[in-house]
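The values are calculated or read from the model by the stated rules, or taken from the named source; none is laboratory data. Only a predicted model underlies this, so the values are computations on that prediction, with no experimental measurement involved. Note: ideal-geometry Cβ built from the backbone for every residue, glycine included; neighbour counts use all protein chains shown.
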Amino acid sequence: MKTRVVVMMGGPSSEHEVSLASGRMVYEALAGNTDYAVEALVIDRQGRWLLDDNPRAVVPTPADAKVSPVPREYAMNGIPLLKSADVVFLAFHGAFGEDGTLQGLLEVLGVPYTGSGPMASALAMNKGKAKELFRYRQILVARELQFSTRVLAHDIGHAVVSIESQLGFPVVVKPNTGGSSVGVAMAEGRDQLVDALQLARRFGVDVMVEEKLSGREVTCAVLEELDGSVRALPVIEIVPKAGVFFDFQSKYADGGADEICPAPLDPDTAGLVQKTAIAAHEALGCEGFSRTDLFLTPRGAIVLEVNTIPGMTPNSLLPKAARAAGISFEELIAHLVRLALNRSRNARNA
């Protein structure tokens with residue numbers, strides 16, 4: 001009997017279209033595998049759950065702002081669509097699908113799913129909390145300040161003074177939760193800083209301001225094996241071309257960045273990046289897979305963030321690293337499904 005896989009994608013987040021791009025590629029990879037009967041479950045921007053036997057191809061574009069909470073009846077009406085699923089492949093990015101909320105729902109429903117559990121997902125999505133944990137584990141991170149959007153709405157001037165005195169310029173301003181560089185901007189002076197703070201606060205309840213790091217930008221994926229061990233995939237160096245940093249345009253525009261895999265690093269440096277990526281993965285309690293973004297600086301390998309559901313198109317960074325390790329996109333997707341089923345079996349037999 002075929003394993004019934006439901007690929008969930010979309011969602012009412014600023015990364016809706018990015019998720020659709022990943023979900024479609026995952027769906028097609030599984031549909032071509034005779035071991036699986038696959039369905040696509042798309043959650044639209046309003047939060048409605050819809051089965052779709054032909055998820056559309058999209059070119060990701062940045063959203064304007066965070067999405068308002070969805071009516072609860074949409075989720076209540078959508079849950080029965082999971083009844084026939086043996087396993088759910090989560091192809092969400094950003095809030096709602098990558099932040100532990102859906103993972104918690106699937107735990108309650110007893111439905112196996114790919115990737116990390118609720119706690120690791122929530123920690124990774126909250127950059128401030130993740131950095132607290134990384135510092136505790138002696139993993140290097142950038143200096144930062146954090147502000148609530150409520151404070152910024154009432155007294156942005158005080159925030160600007162604090163940033164100037166404690167971090168200086170340039171700085172990177174970003175929503176504390178989210179991904180795909182949505183709402184992220186760099187500021188080299190006061191006017192740019194005010195604009196960047198106003199932009200970032202549209203996408204969440206907290207804003208993080210970090211020192212801008214100088215060095216080589218790299219990323220490293222971690223993949224779990226069926227026996228529970230983990231390994232780091234080849235390191236990728238990122239050289240943005242379309243934007244001033246690895247922003248949304250650089251990530252998704254054709255030719256937006258050079259992504260060099262394996263990165264041209266000496267063995268010791270590559271090993272340090274891989275060791276750091278595994279340490280970050282384990283510090284958060286990630287499962288299945290993750291991708292850690294870092295900067296190589298004179299201080300060492302500094303972690304920017306961990307993605308618990310990185311992009312999953314064949315040209316995304318994790319599949320590109322897997323391919324360099326001899327794992328095809330189709331093999332990668334099937335492996336993640338097997339990991340989810342294996343974790344569920346182990347939990348039942350514990």
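Name every residue in segment 23-49 that is β-branched (V, I, T) and not in a strand (DSSP E or B), in order of residue number.
Of the residues in segment 23-49, the ones β-branched (V, I, T) are 26, 34, 38, 42-43.
V26, T34 - these are the residues of segment 23-49 that are β-branched (V, I, T) and not in a strand (DSSP E or B).
Look through R190, R201 and report the one residue that is loosely packed, with under 15 Cβ neighbours inside 10 Å and farther than 23 Å from A283 by Cβ. Outline the logic, then answer.
On the way: R201 fails: loosely packed, with under 15 Cβ neighbours inside 10 Å.
Of R190, R201, the one residue that is loosely packed, with under 15 Cβ neighbours inside 10 Å and farther than 23 Å from A283 by Cβ is R190.
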Matching residues, segment 125-147, being within 15 Å of D206 (Cα to Cα) and either in contact with a strand residue (DSSP E or B) (Cβ under 6 Å, 6 or more places away or on another chain) or assigned to a loop (DSSP other than H, G, I, E, B) (or both): N126, K127, G128, K131, E144, L145, Q146, F147
Within segment 83-122, tally of residues that are in contact (Cβ under 8 Å) with a residue 24 or more places away in the chain and either part of a loop (DSSP other than H, G, I, E, B) or in contact with an Asp or Glu (Cβ under 9 Å, 6 or more places away or on another chain) (or both): 23
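Each row is one residue, and each column tells you yes or no for (1) in contact (Cβ under 8 Å) with a residue 12 or more places away in the chain; (2) within 19 Å of the chain's Cα centre (by Cα); (3) in a loop (DSSP other than H, G, I, E, B); (4) surrounded by 21 or more Cβ atoms within 10 Å (Cβ to Cβ).
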residue: G157; (1), (2), (3), (4): no, no, no, no
residue: V161; (1), (2), (3), (4): no, no, no, no
residue: S165; (1), (2), (3), (4): no, no, no, no
residue: K174; (1), (2), (3), (4): yes, yes, no, yes
residue: L197; (1), (2), (3), (4): yes, no, no, yes
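Residues of segment 41-71 being among the hydrophobic types (A, V, I, L, M, F, W, C), under 13 Å from G11 (Cβ atoms) and at pLDDT 90 or above, which ones? Don't jump to the end; show me each part of the working.
Within segment 41-71, the first condition is being among the hydrophobic types (A, V, I, L, M, F, W, C), and the residues that meet it are 41-43, 49-51, 57-59, 63, 65, 67, 70.
Next, only the ones that are under 13 Å from G11 (Cβ atoms) stay: 41-43, 49-50, 63, 67, 70.
Result: L41, V42, I43, W49, L50.
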Every residue from segment 176-195 that is among the aliphatic types (A, V, I, L, M) and in a helix (DSSP H, G or I): L193, V194
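Out of curiosity, is E217 among the acidic types (D, E), surrounded by fewer than 23 Cβ atoms within 10 Å (Cβ to Cβ) and within 16 Å of V306 (Cβ to Cβ)? Walk me through how you get there before you give the answer.
Details: among the acidic types (D, E): yes; surrounded by fewer than 23 Cβ atoms within 10 Å (Cβ to Cβ): yes; within 16 Å of V306 (Cβ to Cβ): yes.
Considered against the rule, which asks whether it is among the acidic types (D, E), surrounded by fewer than 23 Cβ atoms within 10 Å (Cβ to Cβ) and within 16 Å of V306 (Cβ to Cβ), E217 comes out as yes.
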